[in-house]
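Q: Handing you a structure now.
The values are calculated or read from the model by the stated rules, or taken from the named source; none is laboratory data. Predicted model, so just to flag it, every value in this text is computed and none were measured. Cβ atoms come from the backbone with ideal geometry, glycine included; neighbour counts cover every protein chain shown. With ligands, DNA and RNA removed, areas are computed over all heavy atoms of the protein, side chains included. Shrake-Rupley method; radii C 1.70, N 1.55, O 1.52, S 1.80 Å.
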Amino acid sequence: MGKNCATILNQQTLSMAKRLFHRKLLLKKGKKKTLFFFAKLLFFSFLALSFLGVFTFIYFAKDLPRPEKFTEHPFVLPTKIYDRTGTVLLYEIYGEEKRTLVSLDKISPYLKNAVLAAEDANFYNHIGIDPLGIARALLKNLVLGKSEGASTLSQQLIRSTFLTMDKTAQRKIRELILTLEMERRYSKDQIFEWYLNQVPFGSNTYGVEAASQLYFKKSAENLSLQEAAVLASLIQAPSRLSPYGPNKKDLLARKDYVLDRMAEEKYISKKEADQIKKEEISFSNISQSIKAPHFVFYVKKYLEDKYGEEFLKEEGLKVYTTLDWDLQMEAETDIFEGAKNNKAYNANNAALVAIDPKTGEILSMIGSADQYAKDSFPQGCTPGVNCQFEPEVNVAVYGEGRQPGSAFKPFVYAEAFTKGYTMNTVLWDVKTEFNPDCSPDGLQEADIFDMKCYHPENYNKSFSGPISLKNSLARSINITSVKTLYLAGVKESIDLAKSMGLTTLNKPLNWYGLSLVLGGGEVKLLDMVSAYGVFATDGLISIPTSVLKIEDRNGNIIEENKKTPRRILEPQVARQINSILSDNEARSLIFGSHSLLYFPDYEIAAKTGTTQDYKDGWTIGYSPSIVVGVWVGNNDNTLMLKEPGV
């Protein structure tokens, strides 16, 4: 029985062992099936996710701009107006974006390092997307409750150039796709350069060069460490952190943070950062500077008429004007000081124009005694009505109501010489009535001018008797000048003056009379100076011009002054006028031998003009290389004291 029991026990044990072994085999097979199942699940999930990723990429990328369009994408650039050398920036015409492109090697290392430290320290190591930066931002968001972005410089550039600022999943996906593609195609330096030229800095200013000029009046190449830290700080919130707004303290605090970050990244030492934090910083005036404003706006009007306002704001033209900045500064000083002195004569305003007569190039233009003034109107006056001085009105190109006085006489004498009269022709300087209704002994033909009792007087209230045309013009004798106009002809004299550049003598002929020679027509200072240039060049005219050349954003010349002068007067006629107006001895009887018109050792021709009611005073002088004209008076035509133009 014992044996049987042992046998039974052995059988049971064997049976149990078989079951256990069988179960183990089943378990092993089950594990294999499970592992295989999960492997298949993982594989198909990967395929699905890959397919979904490809589908998503294709879906969102199909309408995206090509990354290579970055090289085609035109930055909005302002038109810049320079002096004739191209070294003095007079003014910028810009719309919503004021920008100056600059290459990476022309940007201060301080600024480049400050931007990297503050915005994307890992820029030169990541592929456009910074996983560590994203993880760090998520940690701060979740653990510390601080909102912090993780966009790289590349992402910021893509977003500001091609996309909107909407915080949507679609926009973010598009941003990531374009960022990766841009990073694949372009070098880090190229991307960084684009970024520094694109990033906004407030006040419609984009790019580091424009920002440097706006806030510190210097190039981005010359920024100090402290200034660089300030500009890098502005990138975070350019409007809120503006140094001209209420949050300047926040800007300076951000500046200190940027310095600390630069120290952490080993761009500077901790000691250097702490030292810079203590230093004061000054910002330039934010108002847009403008040099030679009346000339600039004269040029601006020409450009707008030809190219259109929007084109000028966006296409980045470089306009090289004719202005000689050194002469302009001299002229501004002289006009400002002269106008102060002239207030004693109740002359509260003045204007000046200088041109090169050989080319017509405007070398200097000043439209009022203080062209930079904004609030200089006398108390109680109404601009355009009764203000003696209006700083923003450019009297140099405003001809309404301005009469040239005796400054018109050379045109009449030139017409007389053209008709065969000479400098030695003699006329009688005696009291003369130029209307037969008043004096039967007068010039009978004068009644065609529909005038009554016209008997002009000379400035010195005396008469010279017989006098040559040379001395008549040199001494500016009124009576013989009126007779010269009669001999030359009113119509012919007007036609000559128009051909020489006067643009405002457009009233009907019977409106003008013999008083034309004494300034009876309205003129512009610019026209008068240009017309005198015909004498200076022995009879050649060059139309006044303010632009030498214009380049597009790529440096291509789209406009250039290549006008050639043309003959208006015979050389001998012009030389006779020049001889008379430069003869100091001939005019000394009236003006004195050492008057303000006399320049020792220089042959300078000059003519003054004063209207009979003393509303306008003029002096125009010239040599073969320059013509300068000055007007003095009051904007509202208030009378000056009875003083001559000189």
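Q: Only residues that are under 17 Å from I477 (Cα atoms) and either in contact with a helix residue (DSSP H, G or I) (Cβ under 7 Å, 6 or more places away or on another chain) or not in a helix (DSSP H, G or I) (or both): list them for the stretch 582-596, please. Quick ask: steps written out before the conclusion?
A: If we filter the stretch 582-596 for residues that are under 17 Å from I477 (Cα atoms), which is where we start, we get 582-592.
Across the stretch 582-596, the qualifying residues are S582, D583, A586, R587, G592.
Q: Go through (1) closer than 30 Å to T79 by Cβ; (2) open to solvent by 30 Å² or more (accessible area, probe 1.4 Å) one by one and return the number of the condition S530 breaks.
A: Just one mismatch for S530, condition (2).
Q: Are there any pairs, at least 6 apart or on different chains, whose C-beta atoms fall under 7 Å, with the first in the stretch 392-405 and surrounded by 20 or more Cβ atoms within 10 Å (Cβ to Cβ) and the second part of a loop (DSSP other than H, G, I, E, B) and at pLDDT below 80, and if so, which?
A: What qualifies is G405/G645.
Q: For the stretch 475-489, what are the residues that are open to solvent by less than 10 Å² (accessible area, probe 1.4 Å) and part of a helix (DSSP H, G or I)?
A: Of everything in the stretch 475-489, those that are open to solvent by less than 10 Å² (accessible area, probe 1.4 Å) and part of a helix (DSSP H, G or I) turn out to be I479, T480, S481, V482, T484, L485, A488.
Q: Same structure, new question: Could you say whether any residue in the stretch 563-577 is touching a Leu at 6+ places or on another chain (Cβ under 6 Å) and in a loop (DSSP other than H, G, I, E, B)?
A: Yes, the stretch 563-577 contains at least one residue that is touching a Leu at 6+ places or on another chain (Cβ under 6 Å) and in a loop (DSSP other than H, G, I, E, B).
Q: Quickly run through the stretch 456-474 and pick out the residues that are in a helix (DSSP H, G or I) and open to solvent by less than 50 Å² (accessible area, probe 1.4 Å). If you could, list the steps in order and put the result at the bottom.
A: From the stretch 456-474, those in a helix (DSSP H, G or I) are 469-474; that's our starting set.
Matches in the stretch 456-474: L469, N471, S472, L473, A474.
Q: For the stretch 204-252, enumerate the residues that are hydroxyl-bearing (S, T, Y) and buried (at least 18 other Cβ atoms within 10 Å of the Cβ).
A: Initially, the stretch 204-252 is screened for residues hydroxyl-bearing (S, T, Y), giving 205-206, 212, 215, 219, 224, 233, 239, 242, 244.
If the condition is that a residue be hydroxyl-bearing (S, T, Y) and buried (at least 18 other Cβ atoms within 10 Å of the Cβ), then T205, Y206, S212, Y215, S233, S242 are the ones that fit.
Q: Another question about this same structure. How many residues, within the stretch 118-139, are surrounded by 14 or more Cβ atoms within 10 Å (Cβ to Cβ) and modelled with pLDDT under 75?
A: The qualifying residues number 3.
Q: Quick check on my filter: what residues within the stretch 490-508 are of a type in the set (G, A, S) and either at pLDDT below 95 or crowded, with 18+ Cβ neighbours inside 10 Å (or both)? If you could, list the steps in order and put the result at the bottom.
A: Within the stretch 490-508, the first condition is being of a type in the set (G, A, S), and the residues that meet it are 493, 497, 499, 501.
Residues satisfying the conditions are S493, A497, G501.
Q: Could you tell me which of the residues L259, L251, L225 is modelled with pLDDT under 95, farther than 21 Å from T152 by Cβ and not small (G, A, S)?
A: The conditions single out L251.
Q: From (1) open to solvent by 60 Å² or more (accessible area, probe 1.4 Å); (2) touching a residue at least 40 places away in the same chain (Cβ under 8 Å); (3) of a type in the set (D, E, K, R), pick out the condition that doesn't hold for K172.
A: With (1) open to solvent by 60 Å² or more (accessible area, probe 1.4 Å); (2) touching a residue at least 40 places away in the same chain (Cβ under 8 Å); (3) of a type in the set (D, E, K, R) applied to K172, the lone miss is (2).
Q: Which members of the stretch 249-272 meet the condition of being over 37 Å from the mean Cα position of the chain (by Cα), without any contact (Cβ under 8 Å) to a residue 24 or more places away in the chain and either under 14 Å from V115 (Cα atoms) or outside any helix (DSSP H, G or I) (or both)?
A: Once the filter is applied, which keeps residues that are over 37 Å from the mean Cα position of the chain (by Cα), without any contact (Cβ under 8 Å) to a residue 24 or more places away in the chain and either under 14 Å from V115 (Cα atoms) or outside any helix (DSSP H, G or I) (or both), the stretch 249-272 yields D260, A263, K266, S269.
Q: What is the residue count in the stretch 299-352 for residues that are assigned to a helix (DSSP H, G or I) and over 24 Å from L596 (Cα atoms)? Don't jump to the end; show me each part of the working.
A: Going residue by residue through the stretch 299-352, those that are assigned to a helix (DSSP H, G or I) are 299-307, 309-314, 325-345.
Retained after the next criterion (residues that are over 24 Å from L596 (Cα atoms)): 299-307, 309-314, 325.
Qualifying residue count for the region: 16.
Q: Going through the stretch 490-528 one residue at a time, which ones are within 21 Å of P357 (Cα to Cα), in a loop (DSSP other than H, G, I, E, B) and among the hydroxyl-bearing types (S, T, Y)?
A: Passing the criteria: T503, T504.
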